[in-house]
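First comes the structure, then the notes that go with it.
The values are calculated or read from the model by the stated rules, or taken from the named source; none is laboratory data. All figures in this text were calculated on a predicted structure; none of them were measured in a lab. All Cβ positions, glycine included, derive from the backbone under ideal geometry; neighbour counts span all protein chains shown. Quick note on the areas: whole protein, heavy atoms, side chains included, nothing else; ligands and nucleic acids left out. Shrake-Rupley method; radii C 1.70, N 1.55, O 1.52, S 1.80 Å.
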Amino acid sequence: CTGIVIPKTEKKERRVLTQQEQYDFLKFVREDKHYSMYNALFVTGFGTGVRIGELLALSWNDIDYVNKVIHIRKTLVYLPSAKDNTMRFKMQSPKTARSVRDIPLLENVENVLKRHRLEQKKHILYMGDKWQPLKEENFNNLVFTTEFGRPLDRNMINRTIHQIVAKLNKEREQPMEDFSPHTMRHSFATRCFENGIPAKVVQEVLGHTSLNMTMDLYTHVIDQTKQEEMKKMDY
């Protein structure tokens, strides 16, 4: 490949919800009868910064109300089966060793999860024989499921977000730009830096392998926060 010039590609700026967009989105989900079933999922996503696969893999055993943490031990994937090439759900180890971590359980997330658990128990009784979770042990007791107790996949969440944003924009003067599930993670990190949380702490919560990764991803936010913090030195 001598003489080949590799074109330079600009890094695409990551979509991050503003505080107002995040508030409006969560308020709409909470109050809309068609999407309120996703309220706990989105509140947990925005309140923990976990990857979407980690979020969908959560079981109730991972929610530690005593120590106020959420244990991240696995991630959910949806892949073709080696046997017959049909799509199957599978639990895998998290992305890296650093991804195995405990995330502080914020009070608003805890309250939403507790309400979600009560509603889920009522729903299971209502569904009766129609509640049919996967038989594998890893899929027992999932926090977030379909109405029939099956695992959710990230494409389903992606489509749901698109539908919610489209419906929400009918009520907004300023349309909200569409976003993906991973935007919840970026928005969480941004809120952390906006509130002055040290980069090292953010790295641990996000499960990044190095501090450099965190700094590289959120340099623009860190710079803005630095400017605001330095104003405290002005006299």
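Residue pairs whose Cβ atoms lie under 7 Å apart, sitting 6 or more positions apart in sequence or on different chains, and linking a residue in region 46-62 that is more than 11 Å from residue 144 (Cβ to Cβ) to a partner that is crowded, with 20+ Cβ neighbours inside 10 Å and among the small types (Gly, Ala, Ser), are 46/187; 49/189.
Among all residues of region 21-28, there is at least one that is aliphatic (A, V, I, L, M) and under 16 Å from the mean Cα position of the chain (by Cα). When residues in region 68-86 are screened for being surrounded by 10 or more Cβ atoms within 10 Å (Cβ to Cβ) and either touching a residue at least 12 places away in the same chain (Cβ under 8 Å) or touching a Pro at 6+ places or on another chain (Cβ under 9 Å) (or both), 11 of them pass.
Does region 114-122 contain at least one residue that is among the charged types (D, E, K, R), under 23 Å from residue 138 (Cβ atoms) and surrounded by 16 or more Cβ atoms within 10 Å (Cβ to Cβ)? Within region 114-122 (the criterion being among the charged types (D, E, K, R), under 23 Å from residue 138 (Cβ atoms) and surrounded by 16 or more Cβ atoms within 10 Å (Cβ to Cβ)), the answer is no, since none of the residues qualifies. The criterion of at least 2 residues that are over 19 Å from residue 205 (Cα atoms) is met, among helices (runs of 4 or more DSSP H) falling completely within region 14-76, by 19-31, 39-48.
Does residue 150 satisfy the condition of being in contact with a helix residue (DSSP H, G or I) (Cβ under 8 Å, 6 or more places away or on another chain), among the basic types (Lys, Arg) and either within 30 Å of residue 227 (Cβ to Cβ) or open to solvent by 10 Å² or more (accessible area, probe 1.4 Å) (or both)? In short, no. Annotation: of all residues in region 153-172 being of a type in the set (Lys, Arg) and part of a loop (DSSP other than H, G, I, E, B), the one that is most open to solvent (accessible area, probe 1.4 Å) is 170. Does region 103-126 contain any residue that is among the hydroxyl-bearing types (Ser, Thr, Tyr), in a helix (DSSP H, G or I) and farther than 29 Å from residue 178 by Cα? Yes, that holds for at least one residue.
Mind checking whether some residue in region 156-171 is modelled with pLDDT under 90 and not small (Gly, Ala, Ser)? Yes: one or more hits.
Looking across region 32-55, the residues that are within 15 Å of residue 160 (Cα to Cα) and of a type outside the set (A, V, I, L, M, F, W, C) come down to 32, 33, 34, 35, 36, 38, 39, 45.
If you check 57, 40, 82 for being among the hydrophobic types (A, V, I, L, M, F, W, C) and in contact with a His (Cβ under 6 Å, 6 or more places away or on another chain), only one passes: 40. Please verify whether residue 221 is of a type in the set (A, V, I, L, M) and at pLDDT below 90, treating the condition exactly as stated. Criteria met by residue 221.
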